[in-house]
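The values are calculated or read from the model by the stated rules, or taken from the named source; none is laboratory data. Remember, it's a predicted structure, so these values are computed and weren't measured experimentally. Using ideal geometry, Cβ is built from the backbone for each residue, glycine included, and neighbour counts are taken over all protein chains shown. For the accessible areas, the whole protein counts, side chains as well, though only heavy atoms, and no ligand, DNA or RNA atoms are used. Shrake-Rupley method; radii C 1.70, N 1.55, O 1.52, S 1.80 Å.
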Amino acid sequence: MKGLRIVGDYALEFLVVTLLLALSALLVVPFIPMVVGVTGFFSNNIDTRRFKDIFTTIGKNWKILIFYTLFQLIIIVFPVLNIYFFNTHPQNINYFVLAISCIALVVGVMFFVTSPTIIVNMRLTLRQLFYNGIMLLFGGLWRSAISIACVAGAVALLLFYPYVVPATLYFISLIISKLMKENFLKLKAKALKTSVFELKRQQTADDYLDENGEINRPDKEVLENEYKEN
């Protein structure tokens, strides 16, 4: 029965998260905050996360999200539009603009992968967000490479098969959230001179049973992170 319940939980998550991300993507501007909210949602395990975590995460981080959203819209949306235009109108191709667009897109994808996890787990300025995003990228190169490949694959689908993208949003968000959380814990464990296993054990020790016998977790304070730039 527990196995069926978990399958049902994942199926419901797939539908709700896919719908929220797809609708926010259609509206463009809410998409980046929604990605951060979903990252906060996935930061907990299947037994403790609730859909309200998505909106709670956005509400707690609305200030940094304003600047981060503007940055991502500029550095991702415009390059994607340029690349799509040159792909569909090769006679108008401008190789200099195309090269700049590709470089900007790579940078945008890198921070798209790392920044949501940083925002969920830390309180910081936009400059510190970029610095720590680079640090997080090198917290585990193979995990970062897989995450970037997932986003690159989604961008490629968006350019050539856009109708397939909505079906991938849940899985891409889940994979990236889990991989970047591991990078974050690795860096935090190094800074605190402990192990990732011990950090996870402490997190699990904070769980408790609510009045319905369900596993729950109190709101977490901002995680200490001594590798952050002073």
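Tabulated values for the structure
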{"item": "Accessible-area ranking of MET135, MET122, largest first, probe 1.4 Å", "result": "MET135, MET122"}
{"item": "Surrounding net charge for VAL38, when Lys and Arg each add one and Asp and Glu each subtract one, Cβ distance under 15 Å", "result": "+4"}
{"item": "With all protein chains modelled, accessible area of LEU73 [1.4 Å, Å²]", "result": "30 Å²"}
{"item": "Solvent-accessible surface ranking, highest first, for CYS150, CYS102 at 1.4 angstrom", "result": "CYS102, CYS150"}
{"item": "Relative compactness, the chain, computed as alpha-carbon Rg over 2.2 N^0.38 Å", "result": "1.07"}
{"item": "Most mobile listed residue (SER24, SER115, SER43) in the chain, GNM with C-alpha springs under 10 Å", "result": "SER24"}
{"item": "Semi-axis lengths (Å, descending) of the ellipsoid that matches the C-alpha gyration tensor of segment 1-95", "result": "34, 18, 9"}
{"item": "Degrees, to the nearest 10: 169-192 long Cα axis against longest axis of the chain", "result": "60 degrees"}
{"item": "Cβ-Cβ FRET estimate between LEU81 and ILE175, R0 fixed at 25 Å, reported to 0.05", "result": "0.45"}
{"item": "FRET E, pair LYS193, LEU12, Förster distance 35 Å, beta-carbon r, rounded to 0.05", "result": "0.30"}
{"item": "Whole-percent carbon and sulfur share, accessible surface of segment 82-173, 1.4 Å", "result": "76 percent"}
{"item": "Charged-residue dipole, Cβ positions (Lys, Arg, Asp, Glu), the chain about Cα centre, Debye nearest 20", "result": "380 debye"}
{"item": "Descending Cα extents along the principal axes, segment 81-203, whole Å", "result": "58, 31, 23"}
{"item": "Gain on full stretching of the segment that runs from ALA99 to ILE134 - 0.36 nm per residue minus C-alpha separation", "result": "10.4 nm"}
{"item": "Carbon plus sulfur fraction of accessible area for segment 1-46, probe 1.4 Å, in percent", "result": "81 percent"}
{"item": "Convex hull volume of segment 32-84 per residue (C-alpha atoms, cubic angstrom)", "result": "80 Å³"}
{"item": "Accessible area (Å², per residue) of the chain, counting only protein heavy atoms and a probe of 1.4 Å", "result": "56 Å²"}
{"item": "Isotropically averaged projected area of segment 133-178, using the convex hull of Cα atoms (one quarter of hull area), nm²", "result": "3.3 nm²"}
{"item": "Fraction in percent of alpha-carbon pairs per bin - 10 Å, segment 39-150", "result": "13, 36, 33, 14, 4, 0"}
{"item": "Cα→Cβ-extended label distance, 7 Å offset, between ARG123 and LEU73, nm", "result": "2.6 nm"}
{"item": "Relative contact order of the chain, defined on C-alpha pairs under 8 angstrom at six or more residues apart (%)", "result": "21 percent"}
